Amino acid sequence: MHPSQILNTAIETHHPAAAACLSALGRRMFFPIGIPAQAAQAKSAKINATIGQLTNGHGAALPLAAIADHLRDISLEDTTLYSPQGGNKALRAAWGEHLAKKGDGPMTSPFCTVGLTHGLSLLADLFVDNDTDVILPSPGWGNYDHIFGVKAGGRIHRYPVFDDGIFDPNAMSTALEKIQNKGVVLLNFPGNPTGYTPTPEQLAPWLEAIRNCEKPIVVICDDAYAGFVYEPGHLDRSPFHDLADADPNRVLTVKVDGATKELCFFGGRVGFVSFGTSGEAGQALDTKIKGMARATVSTGPAVSQALVLSALNSPDLAKQQADIFALSLKRYRSLKRCLAEAKIDTLPFNSGFFALIPVKGDPETLRLNLLNDGVGVVAFPQHGAIRVAFSSIANDDIPKLVNALAKHIERQI
């Protein structure tokens, strides 16, 4: 039996929803017993002539001093040699422990990706083709369309996050009715560009609709901004954990997260994909995504993975994260206060890095006028709004930003 069929059979037997949602490429995918697999098997051999990397002849690193001199307190083997397929094993285990603090339930070992976008793209390859209905939030991150629509060819449908400025409790049940055969649903809290996270009570009807969906679906939780929730009573963990008990005949839940925002390591490009299942189905899905990565980037940069692992093991990490959160919270509160004083209406925001401000005139014209005044924002013409990233503004500059917004918004009326 072909290796891909062995994996398909395991998934069909143990997670029917995941099997039904595989794309044609996803069904074909497997991890070849090529050089990386044979090199892994030979790791303990006294003479290991498998993998094409320069070592000292006995498996240890042999880096140039021009690089090694800049690496401190981290193993040269962990930073300058190839990382294992799927990522640094100790890092995968450490990130799994990090996630387990938020909730239990079945979960594969987090698969290391080259940033969160890479993780989303791998999932699109596995589960999306022209027979897949993809349910995306509106407003939502523009790159979702590129990943799941332009690249993967899925049929894109959008559900409204808000109805007249209020979180829409019926949006998910209505959107799921558009799925013809199989679907992918994207959840993103805290949201980009909305900066919104619902309360558990608000999200409950969405989760209920997902659990009862009549067609097999994959639910992808994009948790890029995990941890940045500024108001009490709103979700303090990913919906991934709340869907851990979903019927495997109906739903496969997947978590995409990483060090980009959670550890403020934006240039590191370290993300993770975790499937909400275990056992044979989990192993088969892990093998398929490993094969998909092997066919694209093979494996991620070792040095950034080593740095993330070092951070996770730091006894000072919690305090450092708390300090970063306090900085972001201060900017959030300043923006909220200044916008209220200027009587500038926004869509609800309470988390993440952004505020979305509806405007009556053309958002692109407003953006260019602000730019002429030395203020940069992002225009969302399709939503009649502009997005402000308070994450990147010095607290002292927030009143100046809002004053500029008030001046130019007033001119558009």
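The values are calculated or read from the model by the stated rules, or taken from the named source; none is laboratory data. Because the structure is a prediction, the values reported are computed rather than measured. Counting neighbours? That spans all protein chains shown, and the Cβs are built from the backbone with ideal geometry, glycine included.
Structure notes:
- Test for PRO106: is it surrounded by 18 or more Cβ atoms within 10 Å (Cβ to Cβ), in contact with a Gly (Cβ under 7 Å, 6 or more places away or on another chain) and in the same structural domain as THR277 (by TED's automatic domain parsing): no
- Scanning the range 115-134 for residues that are surrounded by 24 or more Cβ atoms within 10 Å (Cβ to Cβ) and either among the basic types (Lys, Arg) or assigned to a loop (DSSP other than H, G, I, E, B) (or both) gives a single hit, VAL128.
- Selection within the range 243-277 - of a type in the set (A, V, I, L, M, F, W, C) and not in a loop (DSSP other than H, G, I, E, B): VAL251, LEU252, VAL254, VAL256, ALA259, PHE272, VAL273, PHE275
- Residues within the range 173-209 that are assigned to a helix (DSSP H, G or I), among the aliphatic types (A, V, I, L, M) and under 20 Å from the mean Cα position of the chain (by Cα), tallied: 2
- Residues in the range 263-291 that are over 16 Å from TRP95 (Cα atoms), surrounded by fewer than 22 Cβ atoms within 10 Å (Cβ to Cβ) and hydrophobic (A, V, I, L, M, F, W, C): PHE266 alone.
- Applying the criterion of at least 3 residues that are surrounded by 16 or more Cβ atoms within 10 Å (Cβ to Cβ) and out of contact with any Pro (no Cβ under 7 Å at 6 or more places or on another chain) to the helices (runs of 4 or more DSSP H) found wholly in the range 1-99 leaves 3-14, 24-28.
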